[in-house]
Amino acid sequence: MRASAPSPRHESRHEPANRGAAYRAETARVLRRRLDITVALFLLLVGCSIVLERAFHPERARIATLTYGVELALCLLAVAAVRLPVLVARAGEVATLLGAALALVLAWYNGRVGGSVERFATAEVCLLSGLFVLLPWGWRAQLAVAGTAFLSLGLQGNGPNGSEDLAYAVVALTAGAVTSVAGALFLDRYRHDAFVRTALLTEASELARDEAETATALARVGETLNAHLDQPDVLARVNALAVEVLGCDWSSTFVWDEQRAAFRFRTHAGVRPEVAAELAEVEFSRQSMPLVAALRPGMLVEIPDAADETRMPPALLRRWDVASELIAPISRRDEVVGVLVYGYRARTGAFSARQRRLALGIAHATAMTFEHARLIADLQAASRLKSEFVATMSHELRTPLNVVTGYADLLAEGTFGTLSPEQSDTVNRIRQSALELLELVNATLDIGRLEAGRDAACLAPFELEGVFGELDRDLTPLVPPRVSLGWWSSPQGARVLSDRTKVKTILKNLVGNALKFTPTGTVEVTAHVTGETLELAVRDTGIGIAAADIPTIFDMFRQVDGSCTRRFGGVGLGLHIVQRLVELLGGTIAVDSAPGVGSTFTVRLPAGRAAAATDSEATAPARASSGGTRAGS
Ligand code: ADP
């Protein structure tokens, strides 16, 4: 199926030959319009002179009317002729013939009635000047009519003053002919210059509009790429936009596969599903066909008509709905790393300059996305390596640290003999520092697991009071002498559906912090199961947190007092881990705190149907709402 090429609106206008043709066509159009006016004016003025002629010379009435009739017929014939399709472009020639014929008729009439030669000259000069002013037909046409007028002198008789009259008539006619031919020449030049200037201006403004449209389209592509850079469908979006801005039927992207050493079909817009499925199975290596081998950075490859294609089998192109296509390489430095293909299913013919510019521009913008994607992949790989390294190191650090704390414990307990107070103090310091280091190592391992996405939630029903009991045992050594730690659960024996280990880690971190930042007072842990929600609150009467610091305490390594002289230990990872775990379990965490008054950290988690079941079982006993159950010490 063949269709004509699109009108290359921006390509041909630079051709001077085309501009010349356009000028001639424009001249013919103006001539046709002006011929009507000229003819009307001529018939009116000649009509007036016929009236005068009949008044002053009644004997010439018949011949005058006959002459006028001939003139009228000639004029109407010419006006009709320039409207005939075959003569539409030859208005100049028709008008020239008419001018010459009228000059002859005027001369014939004057000669026939024996009019004076001056009168003849006056009439011809009037005709010549009228014609050159009214008709934009150039100097050649004017010269032809002037020549005819000159030659028609031969049709005149001798005036009463013989050769004197003739001499003056010749001078008048010569002056009229020369000035009118020169006038026609200059007028034509001015018109031509004005036409060229206007054409250039129109071209310039069209070019500017075209550039603006192209820039807008490319800006849209850039925005789309930017907005969806990290999304897997970014290339398909570019294909969809390419179809829209180029006005083609479909667009597809092929990406160079290093391992297979071939281009592979990646995304598309507008390609039939069967074709897409087939393309996905094909590998286009450089040796597979000359078309692939012809790909060079920055150079478009065009197939104006698939039927005439020699670099790729036309049957294959037909099978994949290609009537014509434009291939734009996506390049990184001097390497083609992919191609964007834009095509039509039925239309054949060359792509316009605008389409070609857009095709290259979109491919260029896409190349930057490829580069970004590559950098992101490199960064992710580097980050993965770092995490693995940190995890391995942390793991390896744990063993010697456990040995250090173990031996420190044995020393402190006097297993190797009684220690002096100084030795005991030193051993305690060693033990304390080793424990802090162990805490950091454990937190780093937790973060590593979370970052690597290896810490998936493992949901199972469990009893909260069991967790409370275990935590109470673990944390009792950390409770300062002037602080009381309490655990409350409502309803009694509440079971929840969540990840037991993660809930325990969350509580351990929050309660550990509360105990650390509460020199005196109380630390209270409460659990409420309402409907399908578990609400855990850790309330303390400690030092509290200023409102301005609350937004940052969940960041990694952020501590309200980050100075070297700070009173409280810690590494600034606890709350970050808590927040990540809460998110992983699909919950939220909130802080309510005031300096000097204390803090409350409230965690809300989905607790599932297990909780709902317990809730309905436990709604009856009033004690559930009047304080709940105390677990642990
Ligand atoms: P750290 O190891 O320092 O405890 P966290 O991430 O657990 O690290 O906490 C970050 C910071 O938030 C702490 O250093 C502290 O300034 C503040 N913070 C956390 N919990 C409390 C609390 N219960 N009372 C007062 N400040 C707290």
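The values are calculated or read from the model by the stated rules, or taken from the named source; none is laboratory data. Because the structure is a prediction, the values reported are computed rather than measured. Counting neighbours? That spans all protein chains shown, and the Cβs are built from the backbone with ideal geometry, glycine included. Remember, those area values only see protein heavy atoms, side chains included, never the ligands or the DNA or RNA. Shrake-Rupley method; radii C 1.70, N 1.55, O 1.52, S 1.80 Å.
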Open item on the list: Taking the conditions exactly as written (within 11 Å of the ligand (Cβ to nearest atom) and among the charged types (D, E, K, R)), does Asp555 satisfy them or not?
Closed with: yes
Task: Enumeration of residues in the range 531-552 that are near the ligand (Cβ under 8 Å from one of its atoms) and over 20 Å from Trp487 (Cα atoms) - done: Ile543, Gly544, Ile545, Asp549
TODO: Scan the range 463-512 for residues that are within 16 Å of the ligand (Cβ to nearest atom), hydrophobic (A, V, I, L, M, F, W, C), without any contact (Cβ under 8 Å) to a residue 60 or more places away in the chain and in a helix (DSSP H, G or I) and report the count.
DONE: 4
Open item on the list: I need every pair where a residue in the range 343-362 that is under 14 Å from Ile327 (Cα atoms) has its Cβ under 9 Å from the Cβ of a residue that is hydroxyl-bearing (Ser, Thr, Tyr) and open to solvent by 40 Å² or more (accessible area, probe 1.4 Å), sequence separation at least 6 or different chains.
Closed with: Ser352/Ser7
Open item on the list: Restricting to the range 76-95, name every residue that is closer than 16 Å to Glu26 by Cα and not β-branched (Val, Ile, Thr).
Closed with: Arg83, Pro85, Leu87, Ala89, Arg90, Ala91, Gly92, Glu93, Ala95
TODO: From the list Gly406, Gly417, pick out the single residue that is over 60 Å from the mean Cα position of the chain (by Cα), under 30 Å from Arg454 (Cβ atoms) and open to solvent by less than 90 Å² (accessible area, probe 1.4 Å).
DONE: Gly406
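Can you tell me which residues in the range 243-263 are free of Cβ contacts under 8 Å to residues at least 40 places away in the same chain and open to solvent by less than 20 Å² (accessible area, probe 1.4 Å)? Give the steps one after another, and end with the answer.
Keep residues of the range 243-263 that are free of Cβ contacts under 8 Å to residues at least 40 places away in the same chain, which gives 244, 257-262.
Across the range 243-263, the qualifying residue is only Ala262.
Restricting to the range 586-600, name every residue that is open to solvent by less than 20 Å² (accessible area, probe 1.4 Å) and within 11 Å of the ligand (Cβ to nearest atom).
Filtering the range 586-600 down to residues open to solvent by less than 20 Å² (accessible area, probe 1.4 Å) leaves 587, 598-599.
Result: Gly598, Ser599.
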TODO: Starting from residues that are touching a His at 6+ places or on another chain (Cβ under 9 Å) and aliphatic (A, V, I, L, M), keep the ones in the range 209-234 and report whichever is surrounded by the fewest Cβ atoms within 10 Å (Cβ to Cβ).
DONE: Leu229
Open item on the list: Condition check: away from the ligand (no atom under 12 Å from the Cβ), acidic (Asp, Glu) and modelled with pLDDT of 65 or more. Does Glu583 satisfy that?
Closed with: yes
Open item on the list: Among the numbered criteria (1) part of a helix (DSSP H, G or I); (2) open to solvent by 70 Å² or more (accessible area, probe 1.4 Å), which one does Ala78 miss?
Closed with: (2)
